[in-house]
Amino acid sequence: MVFTTLATLPGILVASATVEPLDYPRMERFEEGRVTVDFPTIESWQAFRYLQAWLPVEVSLNGDNRPRVGAVHLRAETSIDFDQRTVQISAPTVLGMRFSEKDASAEVAALASRSFAGRHRTVPLDVLLRLLPADFEIPGQQEEAPKLNFNPPAIRVSESPLNLLSIDKKPVTAQIDGTQLEFVVNTNWKVFFDTQGERWYVLNEGSWQENNYLADGGWIATDQLPSDFVQLAANDEWREVQQVLPASLPSESPTPFIISFQPTELILLDGPPRLSAIGDTGLYFARNTESDLFRYKARWYYLVSGRWFSNDDLNGAWQTVNNLPAVFTQIPADHKVGHVLFSVPGTRQSKLALIEAALPRRVTVAPDSASNLEVIWAGAPRFEEIETTKLQRGLNTPYQVIKHNNFYYLCYEGAWYFSASPEGPWQVALDIPAEIYRIPATDPAYNVTFVRLDEGYQADSDYVNYKYSGGYTGSFSTKVTVVYGTGWYYPSSVFWGPRHRPMYWHHMPTYGHNIGYNPIYAGYGGRYGYWGSSTTLLMESPTVDFTHGYGSAWEGPLQTTPGDPAETAERSLEPFLPARISDGTEKFAPAKKEEKTQAGVTASTLYAGSALSSNMFSGPGGEVYKHENNEWQQYSDGSWSNAERRKRGYDLQNQPQRQEGQAAEPWLPAHKRTLSRGELDRQELARTEGMENYARYRMQKDYGDD
């Protein structure tokens with residue numbers, strides 16, 4: 001092999017802003033010939049900003065019938081677009097390249113280098129993350145895990161349709177002007193109390209029900225409402241109520257509901273549990289529920305918000321699972337409950353979730369952008385102590401305002417601002433007190449500890465740069481898995497504004513929404529939507545835009561009637577996604593044909609122009625491999641030969657190991673590696689699985705779920 005250090009062929013910083021299509025391998029054409037560039041083999045991805053990798057290339061010179069195969073060693077900058085789930089690779093510098101003796105020449109080297117000069121490349125984020133080395137050290141993993149709460153919430157199980165009416169602790173009622181009616185402020189439903197008749201009224205699935213008590217059971221349908229409801233029909237603040245006035249009896253009885261005054265999860269089953277075996281593992285899953293419910297040996301296992309709970313009686317008391325049985329790691333990735341692997345310790349999916357949670361979201365703010373920023377307070381600003389710190393947190397505001405000494409710090413949409421007054425004016429913060437990063441997980445402001453100045457970007461005086469990781473939006477690393485929410489209960493706030501109007505806001509609870517990990521969006525979401533921040537403020541898209549102002553910040557029931565997932569599954573992607581080989585291995589075969597969906601979406605549009613013909617892989621020293629006829633071949637001296645026959649024993653045992661007590665280089669894998677058969681299989685799986693997930697994301701984003 002010939003290694004070329006390109007002292008005479010320096011890398012050229014990218015000047016073009018054009019983003020190239022996502023087809024791989026990439027074809028670059030020149031007058032002298034063409035160069036095919038495949039996916040990278042990653043050495044390091046420092047701070048998820050600077051990528052160093054080997055990329056296999058195939059150089060075809062005009063007039064030469066034999067292509068020259070080699071690899072280019074590259075360092076480049078990266079920028080993650082989370083909305084598109086892509087990574088732009090730019091400003092490449094060619095560090096060197098490797099071609100065999102028969103293929104090496106100045107002309108080949110020059111053409112290979114030109115294929116990178118002045119080029120942007122865009123790679124699906126899902127692919128790049130899966131291509132990270134197996135021993136990739138996740139940023140922040142060395143830090144102490146937060147003291148999260150893993151105690152189970154109240155868990156109710158029902159084998160028939162049931163709704164959950166959540167009231168945040170003790171009901172808080174407010175008088176409706178000009179009437180004898182009060183409404184419950186801190187709930188997700190429309191709940192009214194007639195002070196004259198001393199009866200409760202609830203709007204349930206478009207019809208009205210009444211009861212003497214605000215309790216489970218005894219609710220009856222009614223078309224006779226107190227006359228004061230007429231006032232609501234003329235009040236635009238009650239538009240949802242206007243649509244169901246005058247009251248009428250429903251043709252069918254609405255779904256019964258239970259009332260909860262604490263965080264509660266509802267497991268809805270369509271009849272008694274119908275269990276299906278997962279292969280021959282001895283593990284079963286309940287197929288007639290949208291909850292993640294399993295049976296193993298004599299126990300039930302339930303996953304919600306990334307936490308596992310268990311009991312031996314489905315209607316009994318649930319306990320926290322400290323050691324999940326290893327059998328859960330045997331769930332096939334393509335199984336209908338394969339998504340739970342992202343919450344099973346020790347799986348590659350759980351590590352991928354940990355990496356996703358560590359990815360920095362970057363926010364750039366102009367110094368003068370805070371001039372119009374206004375913080376809402378319900379009356380004069382009030383503060384309360386944050387335990388174990390010297391800080392105080394704003395109490396009567398939905399904004400996250402922290403008092404430190406004589407200054408006030410506001411965390412808003414992933415950036416920091418400060419002021420000498422809690423009411424502003426605000427300025428962009430160039431320095432954040434270290435005390436803020438000591439806020440414990442038991443405090444509702446804990447999520448702001450994940451927002452920091454982006455030190456690598458403060459040289460530009462025109463902008464101030466911040467970054468935040470998954471904890472800001474509620475995804476927390478336990479070092480083995482990622483969970484949603486801290487598990488601690490944070491009291492909601494109700495304050496009284498002008499005309500004695502209530503202002504209510506709450507912090508996103510860990511439980512109550514049947515939250516699970518969505519592999520397509522790489523984040524936690526409820527069964528009927530994606531949940532973002534743990535505050536009342538809109539932080540990023542997609543997320544939840546909570547209501548500010550009067551009444552409840554929630555709308556509608558949290559959970560509805562059950563359905564069999566097998567019968568209500570999303571539109572299948574199988575016709576135009578690579579088909580798995582069912583031989584017990586994690587290999588994939590190309591899709592045989594391209595079919596159209598009902599919306600006229602083809603495989604090519606789903607992949608945003610991406611091709612799945614990439615089949616060259618580079619080793620850590622520039623070796624090049626390909627997978628053909630179910631065997632791995634390595635390129636050497638101008639030809640391909642069986643890689644396992646040429647060199648066996650590629651493993652990590654012969655590689656330099658980090659000595660005990662020796663610090664690892666930050667952000668980098670512990671050592672380079674040669675490619676074993678298992679590593680080659682892993683990279684092939686990473687490409688195909690990553691492209692598949694990217695395709696699913698694009699389909700849901702561009703065409704919706706219907």
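Here are the numbers:
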{"read-out": "The range 175-200, subset in contact (Cβ under 8 Å) with a residue 60 or more places away in the chain and surrounded by fewer than 19 Cβ atoms within 10 Å (Cβ to Cβ), residue farthest from residue 494 (Cα to Cα)", "value": "177"}
{"read-out": "Single unsatisfied condition, residue 388 versus (1) among the β-branched types (Val, Ile, Thr); (2) surrounded by 18 or more Cβ atoms within 10 Å (Cβ to Cβ); (3) within 29 Å of residue 306 (Cβ to Cβ)", "value": "(2)"}
{"read-out": "Any chance residue 263 is over 30 Å from residue 507 (Cβ atoms) and touching a residue at least 12 places away in the same chain (Cβ under 8 Å)", "value": "no"}
{"read-out": "Residues of the range 344-396 that turn out to be out of contact with any Gly (no Cβ under 9 Å at 6 or more places or on another chain), assigned to a loop (DSSP other than H, G, I, E, B) and touching a residue at least 40 places away in the same chain (Cβ under 8 Å), as a count", "value": "13"}
{"read-out": "Residues that are of a type outside the set (Gly, Ala, Ser) and either closer than 17 Å to residue 471 by Cβ or under 25 Å from the mean Cα position of the chain (by Cα) (or both), drawn from the range 411-439", "value": "411, 412, 413, 416, 432, 436, 437, 438, 439"}
{"read-out": "Single unsatisfied condition, residue 140 versus (1) within 27 Å of residue 261 (Cβ to Cβ); (2) in contact with a Ser or Thr (Cβ under 8 Å, 6 or more places away or on another chain); (3) surrounded by fewer than 21 Cβ atoms within 10 Å (Cβ to Cβ); (4) at pLDDT below 95", "value": "(1)"}
{"read-out": "Subset of the range 202-230 (residues that are surrounded by 15 or more Cβ atoms within 10 Å (Cβ to Cβ) and more than 19 Å from residue 260 (Cα to Cα))", "value": "207, 208, 221, 222, 225, 226, 228, 229"}
{"read-out": "Residue match in the range 91-113 (condition: polar (S, T, N, Q) and over 17 Å from residue 57 (Cβ atoms))", "value": "no"}
{"read-out": "Qualifying residue in the range 50-63 (condition: assigned to a loop (DSSP other than H, G, I, E, B), crowded, with 23+ Cβ neighbours inside 10 Å, among the hydrophobic types (A, V, I, L, M, F, W, C) and in the same structural domain as residue 24 (by TED's automatic domain parsing))", "value": "no"}
{"read-out": "Set 353, 380, 357: member being of a type in the set (A, V, I, L, M, F, W, C) and closer than 30 Å to residue 494 by Cα", "value": "380"}
{"read-out": "Residue match in the range 211-232 (condition: closer than 27 Å to residue 290 by Cα and aliphatic (A, V, I, L, M))", "value": "yes"}
{"read-out": "Residues of the range 234-258 satisfying the condition of being touching a residue at least 12 places away in the same chain (Cβ under 8 Å) and assigned to a helix (DSSP H, G or I)", "value": "237, 240, 241"}
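Yes/no matrix, rows are residues, columns are (1) surrounded by fewer than 21 Cβ atoms within 10 Å (Cβ to Cβ); (2) outside any strand (DSSP E or B); (3) on the phi > 0 side of the Ramachandran plot:
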| residue | (1), (2), (3) |
| --- | --- |
| 89 | no, no, no |
| 92 | no, no, no |
| 102 | yes, yes, no |
| 133 | no, yes, no |
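The values are calculated or read from the model by the stated rules, or taken from the named source; none is laboratory data. Treat the numbers as computed from the prediction; the structure is a model and nothing was measured. Ideal geometry is used to build each Cβ from the backbone, glycine not excepted, and the neighbour counts take in all protein chains shown.
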